[in-house]
Amino acid sequence: MQPKGYTGRILFIDLTKQKYVVKPLEVSIAKQFIGGSGLAAYLLWNMLNENVHPLSPDNVLVVATGPATGALAPSAGRFMVASKSPITGIWGESHAGGFFGPEIKYAGYDAIVITGRSSEPVSLIINDDEVTFYRSQHLWGLDTRTATNIILDSLGRDLHVMVIGPAGENMVKFASIMVDYYRALGRTGMGAVMGSKNLKAIAVRGSRGVEVHNPDEFTKVVEEFLYINTRGPWALPAQLSLGKYGTPNLVSLMNAIGRLPTKNHWTGYWEHADKISGEALLKYRISRGSCFSCMIMCKHITMVGGGKYAGTVTGGPEYESLVSLGSNLLIDNAEAVIYMNQLCNLYGLDTISTGKVISFLFECYERGLVSEEELRGLKPTWGNEETAIELIKMITYRQGIGNVLAEGVARAARIIGRGSEYYALHVKGLEVSAQDPRAHKSVGVTWATSVRGADHLRSLTTVDELGYRDIAIERFGAEMANEVCNRLSEGYKGVVVKDQEDLFALVDSVIMCKYGTMWPPMYYFDFIARLLYPLTGIEEFSNVKHLREAAERIVNLKRCFNLREGIGKEYETIPKRFTSEPMPTGPAKGHVCNLEPMLKEYYLYRRWDYNTGLPYGETLEELGLNFVLVELEKRYSLPRRGNGGSS
Amino acid sequence: MGLQGRRINLDPSLCTGCSICSLICSFSKFGIFSPRYSMIRIYYNHEFGRVESISICRQCGECVDRCPYGALRWSGSIVTVDHNLCRGCLTCVHTCKYNAFSVVDGKPYKCDLCNGEPLCAKYCVRGALYAA
């Protein structure tokens, strides 16, 4: 029986030959890997190998949706892209909301798999079963907004578009893809992969719908969804924070607990934080928006009406962008930050990585590690907004020092040398996100183990960050609750992160939003089980145990993808700044992150060998990943729990 | 039910463009999720975050007068379609000033206020949609 929820079809597009073919999605794969991130991991594991260069035609770009995408489920507008990342050389994935994902489902596909390289700039126009290779020389070089508008005006306003800007075309290693103007597939340089394929945009329109296995049962889920968001215990807190301010609300909250990255993560407290806080941004707000099928509605559009940056209209800026481009550079002019956010969106740059490479240069300059000659008259001093804006342009077009920074902070530090590596804050090559492991200890293990590098979206935990005791008791038991809720203690953080990573692996495959699961913690495994069974009719999905196992399978598969690339335990660490430099100021003053005990615990609960960082053979077998085991054993001798395993 | 003169209204300043109204509409009428099947369609400009236009029945009754087969009729103050009489000529669709019909399998469908409790208004958590 064909499960509902899925369309059961995957579209394979070869850009080199300009051909496409539709293949079925096997039910057994859907059962094991669910969709979204899990499905992409399965496809990429099979289609790639360790010899494929991320920017070569052989790399594969997967655009995937999940079973919930397009239905009336919590934040079910999300979709994801995955590929081998040009910035890290390992697993790369990025998720976005907006309205593009549902349109893929309505056009009749669960995923789109793109291979090859077009000989000239091209866009893909997908109209249900018809795929057009649309010559796009006229779009090449345009910013994301103009390109989106030209496509919509010439081909129909009801299309939904994902597009790269000049940064993606120039293969800046952290280029983003912009969706529906302001939603960004930001991290891990997916825009550069599109650029390397000469693919400017994908536009989709679909006339079908998402069918449901059991409409009566699903109606109950929908009613529950409405109840949770209007009368549930989290409804009001969500509306008063995310709803009213959006993610910028976090700026003052994070400053209050000393976790607001400031001055290239030198400290976690900034006395000028109120100038870029949610409250300060309210006066620039022109619209409150939302993604598809979302009742939280945290997407806002901002405009600067006067002054030097008059005429700036942009989505966001979100918390991560505000921090990366604001407090992290000591820029306290909210209008300048909004303008820089717009520039990054238009050029198609990841705001997090952009902010972190700029702050890296600022710190190198402060410490005399870059020469005036290399800078050609630039003055990269803290708080200098003109220089930061100039640098964004230089990175996009790879001019001067911008060409070095466009390689990402890890490679830039290797090029600059002179001890600048210490100030290059990254894990596995990906710039760190806007948290600080010294003020929130579990972030250390989150960053170290995250499959795509220093990343807050694979396993960032809020139970300890905000001290939700009830939830800690519910998920981990009363004994552990006190320790779990203490964000400044390392106790039990390995378990908490493992649990959260499993939840997010599932959320990323279903696909739902982190808002609703990360914060507020409204949906957990049990809700997802109640959602998926009536939607798909796959009986295993009604079983929480099966879902947890599927989540672990997805986490393990993605980790094995990295192991195949040779990135294992020796890279699972965090920058020394967080482990050896005590927090200099703020509420978390004096703290450092003691990573090892948390990491050890995490490995134990993951059923991986702590000494080698490899999964036990049995772990992979139990998860049904025998095909992964066979391939990994060509490279490693996987430990067995019987011989030498400590657990 | 006291439905005299009621129809669905939208306060565009509150609308966020989330599409939930369209989803619950298509789900309750056809059992599938697709904004294009819905009887309420809000065209939202994502660049500036504004409602551009809305397609929803104002229960004006113009289609009732034009239908050659008498398939559209007043039930109280609501215009309904009798699909047994409808032959799919789509005169109503072309007549409608508000682009309120959606056509599924060649037959026109329109808003019937869900028997007095419009689901789109119920599910609009912002309160942008209301029946009045």
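The values are calculated or read from the model by the stated rules, or taken from the named source; none is laboratory data. For clarity, every value in this text was computed on a predicted model and none was experimentally measured. Note that we place each Cβ from the backbone using ideal geometry, even for glycine, and neighbour counts take in every protein chain shown.
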### Query
Taking the range A:114-159 on its own, how many of its residues are within 14 Å of chain B (Cβ to nearest Cβ) and under 24 Å from A:Leu25 (Cα atoms)?
2
### Task
Need at least 2 residues that are in contact with a Gly (Cβ under 8 Å, 6 or more places away or on another chain) and not assigned by TED's automatic domain parsing to the domain that holds A:Val409 per element, so show me which strands (runs of 3 or more DSSP E) inside the range A:39-115 make the cut, counting only ones lying wholly within it.
A:79-84, A:91-96
### Query
Which one of the conditions (1) more than 30 Å from A:Val221 (Cβ to Cβ); (2) free of Cβ contacts under 8 Å to residues at least 12 places away in the same chain does B:Gly61 fail to meet, given that it meets all the rest?
(2)
## Note on the structure
From the option list A:Gly195, A:Gly206, single residue qualifying as within 30 Å of A:Ala175 (Cβ to Cβ), touching a residue at least 12 places away in the same chain (Cβ under 8 Å), at the interface with chain B (Cβ under 9 Å from one of its Cβ atoms) and of a type in the set (Gly, Ala, Ser) is A:Gly206
## Note on the structure
Within the range A:263-313, the count of residues that are buried (at least 18 other Cβ atoms within 10 Å of the Cβ) and either facing another protein chain (nearest Cβ under 8 Å) or closer than 30 Å to A:Glu223 by Cβ (or both) comes to 16
### Message
Can you pull out every residue in the range A:216-233 that is surrounded by 15 or more Cβ atoms within 10 Å (Cβ to Cβ) and either among the small types (Gly, Ala, Ser) or without any contact (Cβ under 8 Å) to a residue 12 or more places away in the chain (or both)?
### Response
A:Thr219, A:Gly232
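Taking the residues in the range A:448-483 that are touching a strand residue (DSSP E or B) at 6+ places or on another chain (Cβ under 6 Å) and not small (Gly, Ala, Ser) as candidates, determine which candidate is surrounded by the fewest Cβ atoms within 10 Å (Cβ to Cβ).
Within the range A:448-483, the first condition is being touching a strand residue (DSSP E or B) at 6+ places or on another chain (Cβ under 6 Å), and the residues that meet it are A:451-454, A:462.
Narrowing further to those that are not small (Gly, Ala, Ser): A:451-452, A:462.
On the way: A:Val451: 26, A:Arg452: 24, A:Thr462: 20.
Checking each candidate, the answer is A:Thr462.
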### Query
Can you name the condition, by its number, that A:Leu260 falls short on among (1) assigned to a helix (DSSP H, G or I); (2) away from chain B (no Cβ under 12 Å)?
(1)
### Task
For the range A:369-401, name all the residues that are in a helix (DSSP H, G or I) and under 28 Å from the mean Cα position of the chain (by Cα).
A:Glu385, A:Thr387, A:Ala388, A:Ile389, A:Glu390, A:Leu391, A:Ile392, A:Lys393, A:Met394, A:Ile395, A:Thr396, A:Ile401
### Some residue of the range B:55-77 being within 9 Å of chain A (Cβ to nearest Cβ) and at positive phi
no
### Query
Quick one: which of A:Ala111, A:Ala76 is more than 20 Å from A:His456 (Cα to Cα) and within 13 Å of chain B (Cβ to nearest Cβ)?
A:Ala76
### Task
Among what's in the range A:209-223 and is within 28 Å of the chain's Cα centre (by Cα) and part of a helix (DSSP H, G or I), pick the residue that is farthest from the other protein chains (Cβ to nearest Cβ).
A:Val221
#### Entry: Filter result for the condition that a residue is in contact with a Phe, Trp or Tyr (Cβ under 9 Å, 6 or more places away or on another chain), aromatic (Phe, Trp, Tyr) and surrounded by fewer than 17 Cβ atoms within 10 Å (Cβ to Cβ), over A:Phe627, A:Phe561, A:Phe541
A:Phe627
### Query
Out of all the residues in the range B:63-101, which are closer than 24 Å to B:Ile42 by Cα and charged (D, E, K, R)?
B:Lys97
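Anything in the range B:10-44 that is facing chain A (nearest Cβ under 9 Å) and either of a type in the set (Gly, Ala, Ser) or within 19 Å of A:Thr314 (Cα to Cα) (or both)? List them, or say none.
Passing the criteria: B:Thr16, B:Gly17, B:Cys18, B:Ser19, B:Ser26, B:Ser28, B:Gly31, B:Ser34, B:Tyr44.
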### Message
For the range A:35-63, give me the residue count where each residue is under 16 Å from A:Val555 (Cα atoms) and touching a Pro at 6+ places or on another chain (Cβ under 7 Å).
### Response
1
## Note on the structure
A:Ala167 meets each of (1) within 30 Å of A:Glu539 (Cβ to Cβ); (2) more than 12 Å from chain B (Cβ to nearest Cβ) with one exception, condition (1)
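Report yes if A:Leu240 is of a type in the set (A, V, I, L, M) and part of a helix (DSSP H, G or I), otherwise no.
Working: of a type in the set (A, V, I, L, M): yes; part of a helix (DSSP H, G or I): yes.
The answer is yes for A:Leu240.
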#### Entry: Residues being in a helix (DSSP H, G or I) and within 23 Å of A:Leu25 (Cα to Cα) - total across the range A:505-529
8
#### Entry: Every residue from the range A:273-329 that is among the aliphatic types (A, V, I, L, M), out of contact with any Lys or Arg (no Cβ under 8 Å at 6 or more places or on another chain), free of Cβ contacts under 8 Å to residues at least 60 places away in the same chain and part of a loop (DSSP other than H, G, I, E, B)
A:Ala310
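Is it the case, given these coordinates, that A:Asp180 is within 11 Å of chain B (Cβ to nearest Cβ), buried (at least 22 other Cβ atoms within 10 Å of the Cβ) and not small (Gly, Ala, Ser)? Spell out how you get there, then give the answer.
On the way: within 11 Å of chain B (Cβ to nearest Cβ): yes; buried (at least 22 other Cβ atoms within 10 Å of the Cβ): yes; not small (Gly, Ala, Ser): yes.
Yes.
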### Message
Which condition from (1) over 21 Å from the mean Cα position of the chain (by Cα); (2) away from chain B (no Cβ under 14 Å); (3) farther than 30 Å from A:Arg530 by Cβ; (4) not basic (Lys, Arg) is the one that A:Gly189 breaks?
### Response
(1)
